[in-house]
1. Taking region 124-166 only, how many residues are hydroxyl-bearing (S, T, Y), surrounded by 19 or more Cβ atoms within 10 Å (Cβ to Cβ) and more than 16 Å from the ligand (Cβ to nearest atom)?
2. Say whether the condition of being more than 16 Å from the ligand (Cβ to nearest atom), modelled with pLDDT under 95 and exposed (fewer than 13 other Cβ atoms within 10 Å of the Cβ) is met by at least one residue in region 183-192.
3. Within region 111-148, track down each residue that is of a type in the set (S, T, N, Q) and not in a loop (DSSP other than H, G, I, E, B).
4. Does any residue of region 28-50 turn out to be open to solvent by less than 20 Å² (accessible area, probe 1.4 Å) and part of a helix (DSSP H, G or I)?
5. Within the group R121, R170, which residue is over 18 Å from the mean Cα position of the chain (by Cα) and either open to solvent by 10 Å² or more (accessible area, probe 1.4 Å) or among the aliphatic types (A, V, I, L, M) (or both)?
6. Report yes if A115 is within 22 Å of G8 (Cα to Cα) and either free of Cβ contacts under 8 Å to residues at least 60 places away in the same chain or open to solvent by 30 Å² or more (accessible area, probe 1.4 Å) (or both), otherwise no.
7. Regarding G81, is this residue under 18 Å from F135 (Cα atoms), touching a Ser or Thr at 6+ places or on another chain (Cβ under 9 Å) and within 16 Å of the ligand (Cβ to nearest atom)?
8. Looking at region 1-27, which of its residues are within 15 Å of the ligand (Cβ to nearest atom) and open to solvent by less than 30 Å² (accessible area, probe 1.4 Å)?
Amino acid sequence: MKVILVNGSPHANGCTYTALQEIEHELNAQGVETEIFWIGIRPISGCMGCNQCLASGRCCMNDSVNLFLEKVPEADGFVFGSPVHFASATGALTSFMDRAFYGRAALFAHKPAAAIASCRRGGSSTTFDQLNKYFTISNMPVVSSNYWNTVHGNTPAEVAQDIEGLQTMRILARNMTWLLKCLAAGKEAGIQPPAFEARTNTNFIR
Ligand SMILES: Cc1cc2nc3c(=O)[nH]c(=O)nc-3n(C[C@H](O)[C@H](O)[C@H](O)COP(=O)(O)O)c2cc1C
């Protein structure tokens, strides 16, 4: 059982990482394997809409998106974390997720996911909402906690003082573990996910 935690911050060991680490420790304590995947600081271009990936399964821009996509099949669940930049996810993570999720519903479907946001003061709820949109268009069960998944702080040391935020992260990890174990037990008992049905795009034209 493996969960990939994507760090969408330009800081490899910053506030978002601190929150992801809290989740990782709890997942590991519950016997779940983890990997923190940092999207890095090299420029991540937005999606060009060339649609080449629909046939190849890979993005024509060979960067961390393709590295991540190679890891997706082996993962059972995901956590995507972003610092808040102007009340939104970072531009880099937005581009990363646009390109990772576009046309790949079958790859992510039925794998649980959670979003977390790290902010100094405001905009965490909009960021949280933004990230959840990728999961809810991809047939992914969304894992929740006892509050919207956010931590506050401008430095890792400040995040460490956000006792409530870190508790939210730990509870999130336990809920993720519980759901993963339920899904595995269901599979063992012969319960399969619903058969994949391709979306019917009407583009509002009747
Ligand atoms: C370009 C930029 C925009 C930011 N915008 C916000 C914001 O809208 N609201 C907020 O509370 N913090 C904002 N911050 C602060 C970061 O969200 C906050 O310090 C975060 O915890 C940093 O996480 P990190 O160390 O993982 O990068 C901004 C920081 C940067 C660099």
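The values are calculated or read from the model by the stated rules, or taken from the named source; none is laboratory data. Predicted model only: the values in this text are computed from it and were never measured. Because the Cβ atoms are built from the backbone with ideal geometry, glycine has one as well, and the counts that use them run over all protein chains shown. Note: areas computed on protein heavy atoms with side chains; ligands, DNA, RNA excluded. Shrake-Rupley method; radii C 1.70, N 1.55, O 1.52, S 1.80 Å.
1. Within region 124-166, the subset hydroxyl-bearing (S, T, Y) is 124-127, 134, 136, 138, 144-145, 147, 150, 155.
With the extra rule that they be surrounded by 19 or more Cβ atoms within 10 Å (Cβ to Cβ), the set shrinks to 124, 127, 134, 145, 150.
From what is left, the residues that are more than 16 Å from the ligand (Cβ to nearest atom) are 134, 145.
Result for region 124-166: 2.
2. Filtering region 183-192 for residues more than 16 Å from the ligand (Cβ to nearest atom) gives 183-192.
Right, trim to modelled with pLDDT under 95 and you get 192.
Next, from what is left, pick out any that are exposed (fewer than 13 other Cβ atoms within 10 Å of the Cβ): 192.
The answer is yes, given that some residue of region 183-192 is more than 16 Å from the ligand (Cβ to nearest atom), modelled with pLDDT under 95 and exposed (fewer than 13 other Cβ atoms within 10 Å of the Cβ).
3. Pass one, region 111-148, residues of a type in the set (S, T, N, Q): 118, 124-127, 130, 132, 136, 138-139, 144-146.
Passing the criteria: S118, S124, S125, T126, T127, Q130, N132, T136.
4. No.
5. Numbers: R170 fails: over 18 Å from the mean Cα position of the chain (by Cα).
Just one listed residue meets the conditions, R121.
6. On the way: within 22 Å of G8 (Cα to Cα): yes; either free of Cβ contacts under 8 Å to residues at least 60 places away in the same chain or open to solvent by 30 Å² or more (accessible area, probe 1.4 Å) (or both): yes.
Criteria met by A115.
7. Details: under 18 Å from F135 (Cα atoms): yes; touching a Ser or Thr at 6+ places or on another chain (Cβ under 9 Å): yes; within 16 Å of the ligand (Cβ to nearest atom): yes.
Against the criterion (under 18 Å from F135 (Cα atoms), touching a Ser or Thr at 6+ places or on another chain (Cβ under 9 Å) and within 16 Å of the ligand (Cβ to nearest atom)), G81 qualifies.
8. Pass one, region 1-27, residues within 15 Å of the ligand (Cβ to nearest atom): 5-24.
L5, V6, N7, G8, S9, G14, C15, T16, T18, A19, L20, I23, listed by residue number.
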